[in-house]
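Visitor: I'd like to ask you about the structure that follows.
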Amino acid sequence: MSQSTKQLDIVQGLAARLAAAGETLLGRSLAIRHVDAGSCGGCEMELLSATLMWDHLGYHGICMVEDPRWADILLITGVSSTGLAGSARQCLAAMARPRFVVAVGDCAADGGIFKGSSSVLGGAAAILPVDLVISGCPPSPARIISGLLTVLEANRAPSALGSRAGIL
Amino acid sequence: MDDLKSDAVNVAAILDRAAIEPGAPENLRVLTAPDWECLIEGLRNETTIGFVALFIDRGRVYLLLQCGEAIVPVVSALNEGTYCAVSRVRPEAAWYERLAHDLNGAVAEQANDERPAIALGSTGENPAWPGFRDTPGDGEYQIGLGPVGGLFAAPYHRHLTLDGNVVVATEHRFGYTHRGVLRLIAGQSPRAAARTCARIDSEACVAHAVAYARAVEAASACSLPPHVEEIRGKMLALEHCTVSLLRLARAAAAVGADGLATRLINLRCTIADTLEAIFGHRLMMDVVVPGGMAARPDLSAWSALGDVLQDIDTVTRPFGGWSIRKRFGSNASFAGDWARRARNGAKEACIAPWRHDAEPTAVPLPDHDGFGIGAAASAHGLIRYVLSLELGVIAFGFIVTPGARVAEALERASRFMRIDDFLLRSMLVMPSACGIDL
């Protein structure tokens, strides 16, 4: 199977999951706001690959947005450095509900290798309520996209929406 | 003062008469406070000696000078926490002096820039964010791009002074992603600190790992099997190649060449997948360690990598063509540079697969204390590590990255550029903030 055919299959699989899970909450689209809270750039490289790799991704409704007011998912990469904690909190505050926080990478999970530094508060959970952690150092592009859809699938029931709104 | 003036004309004489503090293999030249002042004054007119870095450790100020091919480390004791500033004769030293102030509290006397370099956050010792120099003139206005509320594009603050859509001045403020790397690695064993150093900047994780390993090996007088450096060289070339493809893909998407961006990123991902099969990691992190390699590469996937690298010529060819060059406008040569870097990296990695299956890929580090400097080329420039080993652990370390200098060069070049040209140039040349903040 060629590389492009394999990638197309992955995209179609992801799109089917988005169609099934996202409809209840987000109207079959997924807008993602990315925040680098103190990353080495590895997760960003894979995230950039994920967004540029499959030009069909936008066609299926998954897109990165610049403004947090348009975003459904706040995607955090890197450790929570003291310098960016306030900005990340403001970013979440600007997002409309329903909204989800996804931490991508081992650093965002728990501070990773930088845990214990006086300039690092820890993982994303140290500054924001995290809904899902996609582990890996760095996680592959397919793993990132698949993880994002898992959030929607886990929260698609209206009852879950109610409880999420309470938490966020 | 007369003595100072006569000494100032001969920096070499000052260095020659300095006491030598033995290390392995780098010898530190220890200067008295008057000699330090003479040296700084002498550097004013000495064009053959370049400034590399300045840092503080345990009451001493270290200066790295470039004399021809050699790096000459010089040290002098602080005088009640102060030292004579280097930036008054070498402006490029200002960043390091500001950093030394924020991280170590040392004050550079008569420095030409006394603003903080990094904000250590609200819980740090210096909660004030570094200020900006520029004030707008008639008809000019300023905008800030960066962590402003929830709207930030990159983890650094860019302050632009504009006249219409023309950039008049640019300033960057760093420190947002400061993770305390230097303090973290101090006190760690050389092997444990290698994991931290590999995660400083993913665009240069191999370069950081190799420079760090070379510094430790220099400090501990470790001699490696010759083929280990050959493997490291190929890994560096592969890193240049993948980083270049990613930069090109991002820039191609920015100028609306989406199909080309997708082709570039697909190729980059295929290479990363193959590197994972060979080295066990997509970005080749944790492969290079002091004393050699952490694990033997799986050479069975090497031929597949060679096949994939052949495609780089085809995929990067449009960057030499008229239609893409037109889209990049005045930045076409910068995009062309990345395309060339990608091709050269692939060529270097492909030259000959290594054939040392039976030979060891790592040697134990000798039980030896000393001072060492190691360097490796990243896609943005040379990365240098300066380390001191004591009793088998890192006593102190300093990392010299090209980031701050590239940012300064971009600031200088931005004057009178159109804003869209500037943003594209920045996308092409600006290194990651994590490589500057440390």
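The values are calculated or read from the model by the stated rules, or taken from the named source; none is laboratory data. Being a predicted model, the structure only gives us computed values, none of them experimental. We place every Cβ from the backbone using ideal geometry, glycine too, and count neighbours over all the protein chains shown. Heads up: the accessible areas ignore ligands, DNA and RNA and are worked out on the full protein's heavy atoms, side chains in. Shrake-Rupley method; radii C 1.70, N 1.55, O 1.52, S 1.80 Å.
Visitor: Under 18 Å from a point 7 Å along the Cα-to-Cβ line of B:Ala301: which residues of the stretch B:219-253 have their amide N that close?
Guide: Backbone N within reach: B:231-232, B:234-243.
Visitor: Another question about this same structure. When the gyration tensor of chain B is built from Cα positions, what are the square roots of 5 times its three eigenvalues, in whole Å, from largest to smallest? Display every interim value, and only then the final one.
Guide: Details: eigenvalues 253, 201, 71 Å².
They are 36, 32, 19 Å, listed from largest to smallest.
Visitor: Count, for each residue of B:263-275, the Cβ atoms from other chains sitting within 10 Å of its Cβ, then give me the mean as a whole number. Display every interim value, and only then the final one.
Guide: Values: counts 3, 3, 9, 8, 1, 5, 10, 2, 0, 6, 2, 0, 0.
The mean count of partner-chain Cβ atoms within 10 Å per residue comes to 4.
Visitor: So what's the gap between the Cα centers of the stretch B:213-242 and the stretch B:363-380, to the nearest angstrom?
Guide: That distance is 9 Å.
Visitor: Could I ask something else about it? Among A:131-140, B:106-115, how do they line up from the highest to the lowest mean number of other beta-carbon atoms within 10 Å?
Guide: Working: A:131-140: 20.7, B:106-115: 16.6.
Per-residue Cβ counts within 10 Å, averaged per peptide and sorted highest first, yield A:131-140, B:106-115.
Visitor: If you don't mind, another one. So how strong a dipole does the stretch B:294-438 carry about its Cα centre when Lys and Arg Cβ are +1 and Asp and Glu Cβ are -1, to the nearest 20 debye?
Guide: Dipole of the stretch B:294-438, to the nearest 20 debye: 1000 debye.
Visitor: So, one more: Amide H neighbours of B:Asn112 under 5 Å, counting only residues 5+ apart in sequence or on other chains, H built in-plane at 1.01 Å?
Guide: B:Ser87, B:Arg88
Visitor: Suppose only helical runs count, i.e. DSSP H with n ≥ 4. What mean residue ellipticity at 222 nm does that imply for chain B under -39500 (n - 2.57) per run, divided by all residues and rounded to the nearest 500 deg cm²/dmol? Can you show the working numbers first?
Guide: Details: 16 runs with 181 residues, N = 438.
It comes out at -12500 deg cm²/dmol, rounded to the nearest 500.
Visitor: Here's something else I'd like to know. If I take R0 = 41 Å and measure r between the Cβ atoms of B:His227 and B:Glu109 in this structure, what FRET efficiency does the formula 1/(1 + (r/R0)^6) give, to the nearest 0.05? Working shown, then result.
Guide: On the way: r = 50 Å, r/R0 = 1.21.
About 0.25, to the nearest 0.05.
Visitor: At 1.4 Å probe size, with every protein chain present, just tell me what the per residue accessible area of chain B comes to in Å². Before the final figure, lay out each step's value.
Guide: Values: 17250 Å² over 438 residues.
About 39 Å² of surface per residue is accessible.
Visitor: What residues qualify as long-range amide H neighbours of B:Thr82, i.e. H under 5 Å apart, gap of 5 or more or another chain, H built at 1.01 Å from N?
Guide: Those lying under 5 Å, H to H, from B:Thr82 are B:Val107.
Visitor: For chain B, which whole-number percentage of the solvent-accessible area (1.4 Å probe, protein heavy atoms only) is attributable to carbon and sulfur atoms?
Guide: Numbers: 9010 of 17250 Å².
In chain B, the share of accessible area belonging to carbon and sulfur is 52 percent.
Visitor: Calculate, for A:Ser29 and B:Asp163, the FRET efficiency according to 1/(1 + (r/R0)^6) with r their C-beta to C-beta distance and R0 41 Å; round to the nearest 0.05. Before the final figure, lay out each step's value.
Guide: Numbers: r = 40 Å, r/R0 = 0.97.
The pair A:Ser29/B:Asp163 has a calculated efficiency of 0.55.
Visitor: Please compute, for the alpha-carbon atoms of the stretch B:345-438, the extent along each of the three principal axes and give them in descending order in Å.
Guide: 56, 38, 16
Visitor: Based only on Cα atoms, what mean projected area does the convex hull of the stretch B:181-437 have, in nm²?
Guide: 13.4
Visitor: Whole-Hz Karplus ³J(HN,Hα) for the stretch B:383-388, in order, using 6.51 cos²θ - 1.76 cosθ + 1.60 and θ = phi - 60°, x for Gly and Pro?
Guide: Karplus-based 3J(HN,Hα) across the stretch B:383-388 equals 10, 10, 10, 10, 9, 10 Hz.
Visitor: Count, for each residue of B:299-306, the Cβ atoms from other chains sitting within 10 Å of its Cβ, then give me the mean as a whole number.
Guide: 0
Visitor: Give me a single rounded figure for A:86-93: the average over its residues of other chain Cβ atoms within 10 Å of their Cβ.
Guide: Working: counts 5, 9, 3, 1, 6, 5, 1, 2.
Average neighbour count from other chains, rounded to a whole number: 4.
Visitor: Is the shape of the stretch A:96-152 best called rounded, prolate or oblate, per the rule: a/c under 1.5 gives rounded, else a/b larger than b/c gives prolate, else oblate, with a ≥ b ≥ c the square roots of the Cα gyration tensor eigenvalues? Could you put the intermediate results ahead of the total?
Guide: Numbers: a/c = 3.70, a/b = 1.37, b/c = 2.69.
Judged from the Cα gyration tensor, the stretch A:96-152 comes out oblate (a/c at least 1.5, b/c at or above a/b).
Visitor: What base-10 log of the normalised intensity I(q)/I(0) is obtained for the stretch B:2-109 from the Debye formula, alpha carbons as equal point scatterers, at q = 0.16, 0.18 Å⁻¹?
Guide: Each listed q maps to, in turn, -0.66, -0.85.
Visitor: Give a residue-ordered list of calculated ³J(HN,Hα) values for the stretch B:397-407 (Karplus: 6.51 cos²θ - 1.76 cosθ + 1.60, θ = phi - 60°; whole Hz; x for Gly, Pro).
Guide: x, 9, 10, 9, 10, x, x, 4, 5, 5, 4
Visitor: Buried accessible area for the A:B pair, summed, 1.4 Å probe, in Å² rounded to 100?
Guide: Chain pair A/B: roughly 3300 Å² of buried accessible area.
Visitor: Moving on. Please get the size of the charge dipole for chain B, origin at its Cα centre, with Cβ charges of +1 on Lys and Arg and -1 on Asp and Glu, quoted in debye to the nearest 20.
Guide: Working: 42 positive and 51 negative charges, 297 e Å.
Here chain B has a charge dipole of around 1420 debye.
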